[in-house]
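The structure under discussion appears below in the form of structure tokens.
Any read-out appearing in this document is the output of simple, stated calculations on the displayed coordinates, not a laboratory observation. Remember, it's a predicted structure, so these values are computed and weren't measured experimentally. Cβ coordinates were reconstructed from backbone atoms using ideal geometry, including for glycine residues, and neighbour counts include every protein chain displayed.
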Amino acid sequence: MIRMACKDLQINKPITCYSLKRNGVTIRRLRGESDVEIQHAARWSDPGRLKTYDLSSQDEAFKLALQKRGIIKADKNTGAILKTKTCPFCNETVGFGEIICPKCKHPLDREIAISEIKKDDEIHQLKQSISNMETKFDNIKSELMKEFTREILKAKSG
């Protein structure tokens, strides 16, 4: 069932029940949920399991706990870690870690998109330059052929 869901979601990485639970615990921790809330959601009776499954660093967890209590101000980027993105080209909702849209294959990051557009423009200009060079080459070739034909006719008549 997990394999079918991963295939439907176009997840090509190996996914196990353990990795899903581990990621769920880490995401809950980074959202600022308490250990008790995470333990209850994971249906654990032993609080020691949280240390095994949590992949966030202690600094991240401590900072989020201070923010939750209002001791320090929240960063602008704290909530952005776990949000989904929407592709500006096809409006597909993609995961927070995606760089390229799995549906239309366009970059999701604005800077990457701008650099891709610049590359496309450069490619277009290079193709245009090649086309111009080919035209010039064909003109020179036809002129040389005309000159060569004249020289041959001149040599035969003279």
Cα centroid of segment 21-54 to Cα centroid of segment 115-146, whole Å = 61
Cysteines, the chain, no other Cys beta-carbon under 4.7 Å = Cys6, Cys17
The chain: calculated mean residue ellipticity at 222 nm from DSSP helix runs of at least 4, using -39500 (n - 2.57) | -19500 deg cm²/dmol
Taking the chain as the reference, fit the longest principal axis to its C-alpha atoms, fit the long axis of helix 110-157 to the helix C-alpha atoms, and give the angle between the two in degrees, 0 to 90, nearest 10.
-> 10
Cut-off 19 Å, label 7 Å out along Cα→Cβ of Ala42, residues of segment 1-20 by amide N = 15-20
Relative contact order %, segment 87-158, counting alpha carbon pairs below 8 Å whose residues are six or more apart | 15
Whose amide H sits under 5 Å from the amide H of Leu108, counting only residues 5 or more places off or on another chain, with H placed in the peptide plane?
-> Ile100, Cys101
Taking Cα atoms, the helix 17-31 axis meets the longest principal axis of the chain at an angle in degrees (rounded to 10) of 80
